């Protein structure tokens, strides 16, 4: 009987050590990923986000840059990218700009998705906001990317990431849906730079599922 108890305790301790080792390994892997990503962008990217936004970091407000001096004619490196959805044909159901039927500006593009479709991070970066706005974006995510851009993903049915978490280009971050002020399942995608709204179709060629150029110049004409 004593031998059985000792053997049982041994297996319990062994299992605890295995779980602890797995947790440590996972934490080390995440830290390594963060270090590699930060090192890569600081060494290779043009105008990384840290230099653009200084110490401004806010998990509540989309626009928290009222006191920030905006640098015009900034070059944004787009080469490390991934399309926000994985489909053979990406359909833009509503474009960027003024919409007569609503008598207001549409500061993003709407892409056709079905509820439950996977939504991906377009560039590598850090999750700034994960919230629910029932009368607006619904369940949405804001990511600050290392290249200086910020993206907003609205009307999600589920968010798969947490605030202050690092993500890589192509990582699943949520599931498509129709939450918030929405008349049907779609992804509302916005791209901003220091809260300057940019037409996503100036960044992405959705028809050919590619970027419009390797480098995007931030100026009045291309917004």
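The values are calculated or read from the model by the stated rules, or taken from the named source; none is laboratory data. Predicted model only: the values in this text are computed from it and were never measured. All Cβ positions, glycine included, derive from the backbone under ideal geometry; neighbour counts span all protein chains shown.
Values for this structure:
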quantity	calculated
Enumeration of residues in the range 162-192 that are under 28 Å from residue 97 (Cα atoms) and in a strand (DSSP E or B)	172, 173, 174, 175, 177, 186, 187, 188, 189, 190, 191, 192
Test: residue 91 is in the same structural domain as residue 173 (by TED's automatic domain parsing) and surrounded by fewer than 15 Cβ atoms within 10 Å (Cβ to Cβ)	yes
Selected residue [crowded, with 21+ Cβ neighbours inside 10 Å, in contact (Cβ under 8 Å) with a residue 60 or more places away in the chain, touching a helix residue (DSSP H, G or I) at 6+ places or on another chain (Cβ under 7 Å) and over 19 Å from residue 49 (Cβ atoms)] from 148, 108, 177	108
Filter result for residue 178 (more than 16 Å from the chain's Cα centre (by Cα), modelled with pLDDT of 95 or more and under 16 Å from residue 116 (Cα atoms))	yes
Residue in the range 94-101 that is within 14 Å of residue 149 (Cβ to Cβ) and in contact with a strand residue (DSSP E or B) (Cβ under 9 Å, 6 or more places away or on another chain) present	no
Some residue of the range 137-145 being modelled with pLDDT of 95 or more and either over 17 Å from the mean Cα position of the chain (by Cα) or over 21 Å from residue 180 (Cβ atoms) (or both)	yes
Test: residue in the range 207-217 that is part of a strand (DSSP E or B), crowded, with 21+ Cβ neighbours inside 10 Å, in contact with a helix residue (DSSP H, G or I) (Cβ under 8 Å, 6 or more places away or on another chain) and in contact (Cβ under 8 Å) with a residue 24 or more places away in the chain	yes
